[in-house]
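Just passing along the structure, written as structure tokens.
The values are calculated or read from the model by the stated rules, or taken from the named source; none is laboratory data. Since we're looking at a predicted model, the values are computed, not measured. Glycine gets a Cβ as well: all are built from the backbone with ideal geometry, and neighbour counts include every protein chain shown. Accessible surface is based on the protein model in full, side chains and every heavy atom, while ligands, DNA and RNA are left aside. Shrake-Rupley method; radii C 1.70, N 1.55, O 1.52, S 1.80 Å.
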Amino acid sequence: MTTTLPSTARVVIVGGGIAGCSLAYHLTKLGWSDVVLLERARLTSGTTWHAAGLVGQMRPTRNMTLMSKYGIELYAGLEAETGLATGWKQCGSVNVARTPERMIAFRRQVALARGFGVEMHLISPEEAGRKWPLLRIDDLQGAIWIPHDGKANPADVTQALAKGARNRGARLIEGVTVTGFATANGRVAGVRTDKGDIASEIVVNCAGQWARQVGAMAGVTVPLYSAEHFYIVTKPIAGVAPDLPVVRDPDGFIYYKEEVGGLVMGGFEPVAKPWLERIPDDFEFQLLPEDWDQFEPLMRNAVHRTPCLETAEVKMLLNGPESFTPDGNFVIGEAPELRGFYVSAGFNSAGIANGGGAGRLLAEWIVGGEPPLDVWDVDIRRFAPFYANARHLKERTVESLGLHYAMRWPRQELESARPLRRSPLYDRLQARGARFGAKLGWERPLYFDRPGAPPPAYGYEKPGWLPLVEAEQRAVRDAAGIFDQTSFSKFVIQGRDAVAFLQHLCANDVDVPFGRMVYTALLNSRGGFESDLTLMRTGPQEYFVVTGTAQTTRDADWIRRNIGERFVTLTDVTGAWSVISVMGPRAAELIAGVSSTGFDASAIAAGSFAEIDVGYARVRAARMSYVGGPGFELYVPVEFAAHVYDTLTAAGAGLGLRDCGYYTIDALRIEAGRRAWSAELGPDETPLEAGLMHAVKFDKGEFLGRAALLKQREAGARKRLAIFVLDDPEAWPWGGEGILRDGEPVGEVTSAGWSTALGRAVVMGYVRGKGAAIDRARVLAGRYELDIAGTRAAMTVQAKPPYGG
């Protein structure tokens, strides 16, 4: 093992677990050999060494599934490449269901797997019992069988990756503690250690449960928190064979794998036990004390599912802490706070399953300068600086770990560490019966119920809130609805180079007169959407920018990283402005009735804005409607928001005005064919594929993504967005269902909503050309169905959105 510390390196990796060693392996595989990995103790000594080593393929999204599938391919071939055994065994996995609801979840998963190219089969309880004879099956509803899943020895896999990296020139140095980082002009410039400094323009934080502490040294937020995590190891048990599949019983919160003729049984207890806010630096190859009281719910469920455990001899109860994130997904990517500083951490007890693919993903990101595909689910920029709050992370970890195997219902909201970010209207809306959801910490009304009414239960059928949302939809289409959209992310871009910069950054022509708005895409080098947003030109060198709630960190980062040497500034003004939207045919009448300036809607052209009076306040009225039809978004300084809302609601009482929430926004925008970022739009989707070429102006000159988009226009798109109406009014999709064209899987639902006007569901999704270009005519010619948990529901593709207002 290398013992001397070099003075410079192209890349320095901090942490020698599965994440760090996989990254070193993949960077060297891409030809970057000047890589140094620093480990404060010894390789695998943090959490990797005690990981259970389960390796599954299926993930909720296409890209994350592809990443996991690659990991299996990698582990299967490592021994042949490096000569080191990895313990990889393709034993398959059996996941069992105790409840009918879990079986619905399994059927949905099987439908999605078909589209993702993962082999997965529904099997009976009896078949599950034949594959795993020790299982009690009399109370099971069924199971799924995933033959290409497996298990590996975590320490051995990591050592094999380390050897592969060393064979191609990487230096892996143990016994070195990182003490800080050097920075210059907003970039990382090197690593400081107890053995000396290393100059480097690329540093990667792969420090596992120490990653939050390491990030803090660089001023980087890494939102994770360590929790105690348990499994037992038994002595040999009769009937346990080496080729037994991995078993997961998510309704019992437990899993099993074979080990040396016995069983490893662990799980994710519903109420987790966070560990320390700060992890000791000398915690090396150590475990925490046994806690049988904490483990008791898992042990009780395991004895029920596998009665052999009642008499089996337990060698140990292993309590090995691991790190968990606020949303249960890992954290990867370049930190928005510091250029050249990357993170790969927070794997939520799935580091072995995800480590191989994550290493390749981040290596390609570093070498290529941007992510090779859409990684929004795990992108570090999905968080905000307040996620550095340790109390917030600790309370959320209790919940997020507990949800690892629990039923995750459609539109289920996390409950811990709330409420946090609140609009000035929060108390008023709560008193009116608002049911709130949270996005990036913002409390947002989802729909309005009778104040004090119990919340409807989660489920897969038509939801209990549907009649409430139908009433809201009718108000918007027939009279007027009022929405609190204060959580929009808002920026001001200004400076003498603002216009030239935005013309370079945006696909649309933004050099418009003052008082005009522009909807535009921000594209990457592949022509995909880094964002879609609205610009209001407020001055010769100034624009007001409005983008999605969840995109504050991401969009600010993308804009700032592209400014370069231009004389341009970006200021986040999200908290300074409320947004109160009034939508519907009587919206203009309502606003005119409370405006002393003689408000005339016809004087504000579509796509324009103007300063107007509302009550005693001065606001910015933008004539636009994300839900389709007439409407205005009112941009209100926060100190006036309560007054403006009170004024509008008092005047709207006789006009049919109704409080409305985000469920109504989502349903109506789908009905009107409006796209949403992270649903229809993302880094892997282009304006040509999304049907938004009207917002691209090639003739304005060069802009980011232009060359790729021109190339795609010439070659043809390989997928195209389509909108469908379900034929059966009883069919209820939630999103993510497989789309079948002439019986074959061609895509997934990106958005699903209920149209009150049509009395049935409307969905959007991409139709893929299976490796070849597909034109609009072919999309419109197919016979389409949705696979809703194994039931096929016919649907009709639409030439234009059902609502054309």
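Please compute the Cα-Cα pair-distance distribution of region 623-781 with 10 Å bins starting at 0, giving whole percents from short to long.
Bins of 10 Å from zero give 9, 30, 29, 20, 10, 2 percent of pairs.
Then there is this: Please give the per residue volume of the convex hull enclosing the alpha carbon atoms of region 286-326, rounded to a whole number of Å³.
100
Let me ask something additional. Based on the Cα atoms of region 57-150, what semi-axes does the equivalent ellipsoid have, where each is the square root of 5 times one gyration tensor eigenvalue, given in whole Å with the largest first?
Details: eigenvalues 149, 65, 13 Å².
Working through the eigenvalues yields semi-axes of 27, 18, 8 Å.
Ser525 label point, 7 Å along Cα→Cβ, cut-off 13 Å on backbone N: hits in region 361-385?
Counting backbone N atoms under 13 Å from the label point, the list is 364-373.
Give me the three principal axis extents of region 90-145 from the C-alpha atoms, as integers in angstrom, largest value leading.
32, 29, 11
In nm, to one decimal, how far is the modelled label at Ala601 from the one at Val638, with both set 7 Å along Cα→Cβ?
About 3.1 nm, to one decimal.
On a full-extension model of 0.36 nm per residue, what is the gain between Arg10 and Arg516, subtracting their alpha-carbon distance, rounded to one decimal in nm?
That pair, Arg10 and Arg516, stretches by 177.5 nm at full extension.
What does the charge count around Val749 come to, taking other residues whose C-beta lies under 12 Å from its C-beta (Lys +1, Arg +1, Asp -1, Glu -1)? The partial results should precede the final answer.
On the way: positive: Arg108; negative: Glu680, Glu737, Glu748, Glu785, Asp787.
Result for the local shell: -4.
As a test of the definition: which semi-axes, in Å, follow for region 25-68 when you take the square root of five times each eigenvalue of its alpha carbon gyration tensor? Largest first, please. Before the final figure, lay out each step's value.
On the way: eigenvalues 128, 82, 10 Å².
The equivalent ellipsoid of region 25-68 has semi-axes of 25, 20, 7 Å.
Next up: Rg to Rh for region 488-537: what is it, with Cα atoms only and Rh by Kirkwood?
With Rh from the inverse mean 1/r over Cα pairs, Rg/Rh is 0.95.
Size of the dipole of region 541-659 about the Cα centre, Lys and Arg at +1 and Asp and Glu at -1 on the beta carbon, nothing else charged, in debye to 20?
Details: 9 positive and 13 negative charges, 50 e Å.
In debye, rounded to 20, region 541-659 gives about 240.
Once phi is turned into ³J(HN,Hα) by the Karplus curve 6.51 cos²θ - 1.76 cosθ + 1.60 with θ = phi - 60°, what whole-Hz value does each residue of region 332-342 show in order, with x for glycine and proline?
Values per residue, Gly and Pro as x: 8, x, 7, 5, x, 7, 8, 5, x, 9, 10 Hz.
Using a 1.4 angstrom probe on heavy atoms only, work out the carbon and sulfur share of the accessible area of the chain in %.
50
Now for a different question. What residues have an amide H closer than 5 Å to that of Gly142, excluding those fewer than 5 places away on the same chain, when H is modeled at 1.01 Å from N in the peptide plane?
Those qualifying (amide H under 5 Å, at least 5 residues apart or on another chain) are Ala97.
Okay, next question. May I ask for the percentage of alpha-carbon pairs in region 391-460 that lie more than 17 Å from each other? Don't jump to the answer; show the numbers that get you there.
On the way: 1237 of 2415 pairs.
Looking at region 391-460, the distances longer than 17 Å represent 51 percent of pairs.
If you average the C-alpha positions of region 647-718 and of region 259-306 separately, how far apart do those two centres end up, in angstrom?
First find each Cα centre; the distance between them is then 46 Å.
In addition: Give the whole-number value, in cubic angstrom per residue, of the convex hull volume spanned by the C-alpha atoms of region 699-761.
It comes to 151 Å³ per residue, whole-number rounded.
Sticking with this structure for a sec: Arg792 label point, 7 Å along Cα→Cβ, cut-off 12 Å on backbone N: hits in region 745-780?
Output list for this probe position: 745.
Of Gly333, Asn354, Pro270, which is farthest towards the positive pole of region 258-397's charge dipole, taken about the Cα centre with +1 and -1 on the beta-carbons of Lys, Arg and Asp, Glu respectively?
Among Gly333, Asn354, Pro270, the one farthest towards the positive end of the dipole of region 258-397 is Gly333.
What does the helix-only formula give at 222 nm for the chain: each DSSP H stretch with n ≥ 4 adding -39500 (n - 2.57), the total divided by the residues, and the result rounded to the nearest 500 deg cm²/dmol?
It comes out at -8000 deg cm²/dmol, rounded to the nearest 500.
Turning to a different aspect of this structure: How big is the accessible area of Met693 in square angstrom, nearest 10, if you roll a 1.4 angstrom probe over the protein chains?
My reading of the accessible area for Met693 is about 50 Å².
Let me ask something additional. Name the residue from Thr306, Pro729, Ala438 whose Cα lies farthest towards the positive end of the charge dipole of the chain, charges +1 on Cβ of Lys and Arg and -1 on Cβ of Asp and Glu.
Highest projection toward the positive end goes to Pro729.
For the cross-link pairs Lys719/Lys800; Lys235/Lys257; Lys89/Lys315; Lys151/Lys257; Lys131/Lys257; Lys29/Lys195, which exceed 19 Å when the distance is taken from alpha carbon to alpha carbon? Could the numbers behind the result be given before it?
Details: Lys719/Lys800 17 Å; Lys235/Lys257 13 Å; Lys89/Lys315 23 Å; Lys151/Lys257 8 Å; Lys131/Lys257 13 Å; Lys29/Lys195 28 Å.
Beyond 19 Å: Lys89/Lys315; Lys29/Lys195.
Mind pulling the angle between the C-alpha long axis of helix 706-715 and the longest principal axis of the chain? Nearest 10 degrees, somewhere in 0 to 90.
Tilt relative to the chain: about 80 degrees.
Next question. So what are the ³J(HN,Hα) numbers for region 112-127, from phi and the Karplus equation (6.51, -1.76, 1.60; θ = phi - 60°), rounded to whole Hz, Gly and Pro as x?
Karplus values, whole Hz, x for Gly and Pro: 5, 4, 4, x, 8, x, 9, 6, 8, 10, 6, 10, 7, x, 5, 5.
Output the relative contact order of the chain, whole-number percent, from Cα pairs under 8 angstrom with separation of 6+ residues.
Working: 1910 pairs, mean separation 92.5, N = 805.
It comes to 11 percent, rounded to a whole number.
Taking a ≥ b ≥ c as the square roots of the Cα gyration tensor eigenvalues, with a/c under 1.5 meaning rounded and otherwise prolate when a/b beats b/c, else oblate, which class fits region 764-805?
Taking the square roots of the gyration eigenvalues as a ≥ b ≥ c, region 764-805 is oblate.
If R0 is 30 Å, what FRET efficiency do you get for Gln541 and Arg561 from their C-beta distance, rounded to 0.05?
Once rounded, the FRET efficiency stands at 0.90.
Once you have the Cα-Cα distance between Leu403 and Val271, take 0.36 nm times their residue separation minus that, and quote the gain in nm to one decimal. Numbers along the way, then the final one.
Values: separation 132, 0.36 × 132 = 47.52 nm, distance 0.88 nm.
Using 0.36 nm per residue and subtracting the Cα-Cα distance, I get 46.6 nm.
Return the FRET efficiency for the residue pair Leu758, Lys235: r is the Cβ-Cβ distance, R0 is 56 Å, and the value is rounded to the nearest 0.05.
Given R0 = 56 Å and the Cβ-Cβ separation, E is 0.35.
Apply the Karplus curve 6.51 cos²θ - 1.76 cosθ + 1.60, θ = phi - 60°, to the phi angles in region 284-301 and return the couplings in whole Hz, x for Gly and Pro.
Listing the rounded values in order: 10, 6, 10, 10, 9, x, 4, 9, 5, 5, 5, 7, 3, x, 6, 5, 4, 5 Hz.
Could you tell me how far the Cα centroid of region 83-156 sits from the Cα centroid of region 502-528, in Å?
Going from one Cα centre to the other spans 47 Å.
Averaging sequence separations of C-alpha pairs under 8 Å and six or more residues apart, then dividing by the length of region 300-453, give the relative contact order as a whole percent.
Relative CO of region 300-453 lands at 16 percent.
Quick one: Cα convex hull volume of region 425-531, Å³ per residue?
198
Give the value in nm², to one decimal: projected area of the alpha carbon convex hull of region 537-691, averaged over all directions.
So the mean shadow area of the Cα hull is 10.9 nm².
Something else: For region 576-686, what is the accessible area per residue in Å² when the probe is 1.4 Å?
Values: 3640 Å² over 111 residues.
For region 576-686, the solvent-accessible area averages 33 Å² per residue.
Got a number for the accessible area of Leu648? Probe 1.4 Å, square angstrom, nearest 10.
The accessible area comes out at roughly 0 Å².
A further question on this structure: Roughly what would the spin-label model give for Gln286 and Arg192, points 7 Å off Cα along C-beta, in nm?
That separation, rounded to one decimal, is 2.5 nm.
So what does Arg718 come to for accessible area, using a 1.4 Å probe and Å² rounded to 10?
Per-residue accessible area (Arg718): approximately 140 Å².
Now, a different point. Rounded to the nearest 20 debye, what is the charge dipole size of the chain about its Cα centre when +1 sits on each Lys and Arg Cβ and -1 on each Asp and Glu Cβ?
1260
Could you state the orientation-averaged shadow area of the convex hull built on the Cα atoms of the chain, in nm² to one decimal? Intermediate values should be presented prior to the final figure.
Values: hull surface 132.7 nm².
Quarter of the Cα hull surface area: 33.2 nm².
Also: Tell me, how many Å apart are the Cα centres for region 358-401 and for region 550-595?
25
Asp728 versus Glu714, label points 7 Å from Cα toward the beta carbon: distance in nm?
So the two model labels end up 4.7 nm from each other.
Over the Cα atoms of region 215-312, Rg to Rh with Kirkwood Rh, two decimal places?
Ratio value, two decimals: 1.07.
Whose amide H sits under 5 Å from the amide H of Gly661, counting only residues 5 or more places off or on another chain, with H placed in the peptide plane?
Here the answer is Phe448, since their amide H atoms fall under 5 Å of that of Gly661.
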